[in-house]
Amino acid sequence: MKTISVSNEKEMSRKAAEIIIALIRENPNAVLGLATGGTPEGTYRALALDHQKNKTTYRSVRTVNLDEYVGLDANDPNSYHAYMEEHLFRHIDIPQDQHFLPNGSAESLEAECRRYDRMIERLGGIDLQLLGIGENGHIGFNEPGTPFQTATHVVTLTESTRRANARYFENIDEVPAQAITMGISTILKSKAILLLASGEKKADAVRRLLTETQNTDFPASSLIAHPNVTVIADREAMSRVHLYQ
Ligand code: PGA
């Protein structure tokens with residue numbers, strides 16, 4: 001695992017955007033795995049700005065997102081479909097039919113999970129998967145205890161994850177109880193992984209990521225076995241690492 005320490009969130013976002021832009025310029029047909037949440041917002045802003053200024057094109061890029069809430073329509077402002085539209089897709093030139101998220105309103109959620117994994121395979125797999133990390137070590141919505149060999153599946157969100165995401169909703173009762181998430185094995189099939197962490201709230205998760213051995217109690221530890229993982233963490237997120245070195 002390669003670690004890049006940066007001073008703050010802005011620098012983390014700039015560095016992540018640089019890596020993504022370099023990949024797209026080298027491979028205009030790249031398949032990008034994307035994430036939602038607070039962490040990648042700055043990266044998406046930097047990509048949008050670069051598209052505007054430097055004309056990096058996404059015309060042949062395909063994107064697949066990690067997850068989507070169950071029961072929220074794509075038009076629901078709290079859906080991850082809406083998040084991606086707002087933070088990235090509407091600001092770049094990616095065609096409508098080249099960005100994909102799980103359908104949380106599918107009639108058969110099981111069939112939707114299988115379809116999503118097959119679709120990623122048909123695209124040729126993910127070239128670079130962007131990840132955040134949950135305070136409890138989750139990646140995507142793979143919560144502690146998830147076996148590392150799981151493919152895309154339906155999860156029941158933990159109380160701590162629902163609390164962490166309640167900031168986007170009127171109140172915690174409105175946070176959906178379930179989501180569809182790429183599984184850990186889906187994520188691990190990506191050719192490269194870029195995990196971002198910013199802020200004191202992530203300090204414990206980053207310490208565990210960089211010091212623990214693989215264990216299913218801490219889903220992000222599954223990444224240790226992957227040959228091409230880059231972690232970009234800011235000073236606050238790295239603040240507990242030195243204590244254990
Ligand atoms: P955050 O979420 O970026 O909103 O902190 C990250 C995650 O839970 O994976």
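Scanning segment 37-70 for residues that are on the phi > 0 side of the Ramachandran plot and more than 12 Å from the chain's Cα centre (by Cα) yields one hit, K55. Among the residues that make up segment 55-70, is at least one of them surrounded by 16 or more Cβ atoms within 10 Å (Cβ to Cβ), more than 25 Å from T181 (Cβ to Cβ), within 16 Å of the ligand (Cβ to nearest atom) and modelled with pLDDT of 95 or more? Looking through segment 55-70, none of the residues is surrounded by 16 or more Cβ atoms within 10 Å (Cβ to Cβ), more than 25 Å from T181 (Cβ to Cβ), within 16 Å of the ligand (Cβ to nearest atom) and modelled with pLDDT of 95 or more.
Pairs meeting the criteria (first residue in segment 18-44 and more than 25 Å from R122 (Cβ to Cβ), second residue surrounded by fewer than 16 Cβ atoms within 10 Å (Cβ to Cβ), beta carbons under 7 Å, at least 6 apart or on different chains) are G42/K10. Of the set (1) at pLDDT 95 or above; (2) touching a helix residue (DSSP H, G or I) at 6+ places or on another chain (Cβ under 6 Å); (3) surrounded by 15 or more Cβ atoms within 10 Å (Cβ to Cβ); (4) in a loop (DSSP other than H, G, I, E, B), all apply to S105 but (2).
Residue pairs whose Cβ atoms lie under 8 Å apart, separated by 6 or more positions or on different chains, with the first residue in segment 217-245 and closer than 13 Å to A197 by Cβ and at pLDDT 95 or above and the second of a type in the set (S, T, Y) and exposed (fewer than 14 other Cβ atoms within 10 Å of the Cβ), are D234/S7; R235/S7.
In segment 200-218 there is no residue matching the filter, namely being part of a helix (DSSP H, G or I) and of a type in the set (F, W, Y).
Yes or no, residue by residue, for (1) within 16 Å of the ligand (Cβ to nearest atom); (2) within 16 Å of the chain's Cα centre (by Cα):
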site	(1), (2)
S160	yes, no
V175	yes, no
Q178	yes, no
G183	yes, yes
I187	yes, yes
K201	yes, no
L210	no, no
S222	yes, yes
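Criterion applied to E107, E68, E85 was being touching a residue at least 40 places away in the same chain (Cβ under 8 Å) and more than 30 Å from R235 (Cβ to Cβ), and the one residue passing it is E68. Considered as a group, the residues in segment 22-53 that are part of a helix (DSSP H, G or I) and among the small types (G, A, S) include one that is farthest from I94 (Cα to Cα), and that residue is G42.
Scanning segment 102-137 for residues that are within 13 Å of the chain's Cα centre (by Cα) and away from the ligand (no atom under 16 Å from the Cβ) yields I126, L128. Among residues that are modelled with pLDDT of 95 or more, aromatic (F, W, Y), touching a Phe, Trp or Tyr at 6+ places or on another chain (Cβ under 9 Å) and within 25 Å of A166 (Cβ to Cβ), Y83 is included. Taken as a whole, the condition of being among the aliphatic types (A, V, I, L, M) and either surrounded by fewer than 17 Cβ atoms within 10 Å (Cβ to Cβ) or touching a helix residue (DSSP H, G or I) at 6+ places or on another chain (Cβ under 7 Å) (or both) applies to L88. Selection of segment 124-171 for residues being in contact with a strand residue (DSSP E or B) (Cβ under 9 Å, 6 or more places away or on another chain), part of a loop (DSSP other than H, G, I, E, B) and surrounded by fewer than 16 Cβ atoms within 10 Å (Cβ to Cβ) yields G124, G125.
The values are calculated or read from the model by the stated rules, or taken from the named source; none is laboratory data. What you see is a predicted model; the values in this text were computed from it and never measured. Methodologically, a virtual Cβ is constructed for each residue, glycine included, from the backbone with ideal geometry; neighbour enumeration extends over all protein chains shown.
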